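The block underneath contains the structure these notes are about, expressed in structure tokens.
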Amino acid sequence: MINDRVSDNAGSLLRLVPDVLRARDFRLYTKGGRRLIDLWQNGGAAILGHTPPSLLREIKNTASRGLYAPFPHFLEDRYRKALSRIFPGRTFRIYAAPPPELHSLVAAGQASLWRPFLDPANPLAVADNAPPVLIPVVPGIQGWRDSLPLGLCVLALAPHCSIPLPAGDFLPPVLLAAAARGVYDLVAAAPQRAVLEYPRIAKALKTGNYWRAPQGIYLTPRQTPSEAEWATLFRRFLGAGYLLPPVPSQPAILPGIMSPGEEVKLADLLLTYME
């Protein structure tokens, strides 16, 4: 049974999900024995799956040294170096959580959320018309409220870009280790993760009229749904074993692994999105 612990707030749709006991790759295993295909992927923080071995190893090794407190640590430089692989020539401000001012900057178009694998031909590209400030979403530990992360947040600033935000925070080395490893894993996985072949889903998206043509591995509705419409869609997908993002401002993300049966079922859902 699906939990009924939900309020009218769209962000609380996650409370419809039964308790998740474990996660592997792009599947969640819940109390009661249910298996869910994760189309949310924690807003992109689990875009390489929930059990990337090198990332988990980094967390374990760093945590074993007791590095939970936000002390100065060389891992911050390592994280900046890793980010430079994707954003060369930019400077970075690292925050334990997004500054309150960031919401206004995003609303004004002065900051945007960068997502990998939008273009299979250039999976880590930054669009030429992107705002000078970006918020990279990379594999790691993360929480979300609406479309912005609750935890680790990085601003990548173009040269000579000035922005009225604090200089940055110290972060626990255990988080920095995971984030740095996540960036390197993202770079390594780009050629394979960016190119997915799900022919039945591709056909469903061409046939249906609710979802846009995919941008890389991302799916969004043609028109922004209301919270009530999205809640209906969320419940339909959840009942069929697929987890959509809990808010319509986040795209659904095609998983890196699906069985033929899972693909067929998802293709059917994309065609019969609502009745």
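The values are calculated or read from the model by the stated rules, or taken from the named source; none is laboratory data. Values in this document were obtained by computation on a predicted structure and should not be read as measured data. Cβ placement follows ideal geometry from the backbone for every residue including glycine, while neighbour counts extend to all protein chains displayed. Just so you know, the surface numbers come from the protein's heavy atoms only, side chains and all, with ligands and any DNA or RNA stripped out. Shrake-Rupley method; radii C 1.70, N 1.55, O 1.52, S 1.80 Å.
Looking across segment 220-230, the residues that are surrounded by fewer than 20 Cβ atoms within 10 Å (Cβ to Cβ) and not in a loop (DSSP other than H, G, I, E, B) come down to P221, E227, A228, E229. Against the list (1) under 23 Å from A189 (Cα atoms); (2) aliphatic (A, V, I, L, M); (3) without any contact (Cβ under 8 Å) to a residue 12 or more places away in the chain, the condition V126 fails is (3). For segment 238-274, a residue qualifies if it is open to solvent by 20 Å² or more (accessible area, probe 1.4 Å) and under 14 Å from L219 (Cβ atoms), and the qualifying residues are P248, S249, M258, L271, Y273. Checking L165 against (1) touching a Lys or Arg at 6+ places or on another chain (Cβ under 7 Å); (2) more than 30 Å from T62 (Cα to Cα), which single condition isn't satisfied? It is condition (2) that L165 fails. Considering segment 1-120, the qualifying strands (runs of 3 or more DSSP E), each wholly inside and each with 1 or more residues that are open to solvent by less than 20 Å² (accessible area, probe 1.4 Å) and touching a strand residue (DSSP E or B) at 6+ places or on another chain (Cβ under 6 Å), run over 27-30, 35-38, 91-95, 111-114.
Of S54, S84, S64, S104, all but one fail to be within 20 Å of Q142 (Cα to Cα) and either among the small types (G, A, S) or over 22 Å from the mean Cα position of the chain (by Cα) (or both); the exception is S54.
Looking only at residues of segment 150-181 that are closer than 20 Å to S112 by Cα and small (G, A, S), we find that the one that is most open to solvent (accessible area, probe 1.4 Å) is S162. Of the residues making up segment 102-123, those that are free of Cβ contacts under 8 Å to residues at least 40 places away in the same chain and under 30 Å from A63 (Cβ atoms) number 1. Going through segment 73-88 one residue at a time, which ones are modelled with pLDDT of 90 or more and farther than 15 Å from A167 by Cβ? Hits for segment 73-88 are D77, R78, Y79, K81, A82, L83, S84, R85, I86, F87, P88.
Hey, could you check segment 184-219 for residues that are small (G, A, S) and assigned to a loop (DSSP other than H, G, I, E, B) and say which is surrounded by the most Cβ atoms within 10 Å (Cβ to Cβ)? Applying the filter and picking the extreme gives G216. Here V133 passes the criteria (1) among the aliphatic types (A, V, I, L, M); (2) at pLDDT 85 or above; (3) over 18 Å from P251 (Cα atoms) except the one numbered (2).
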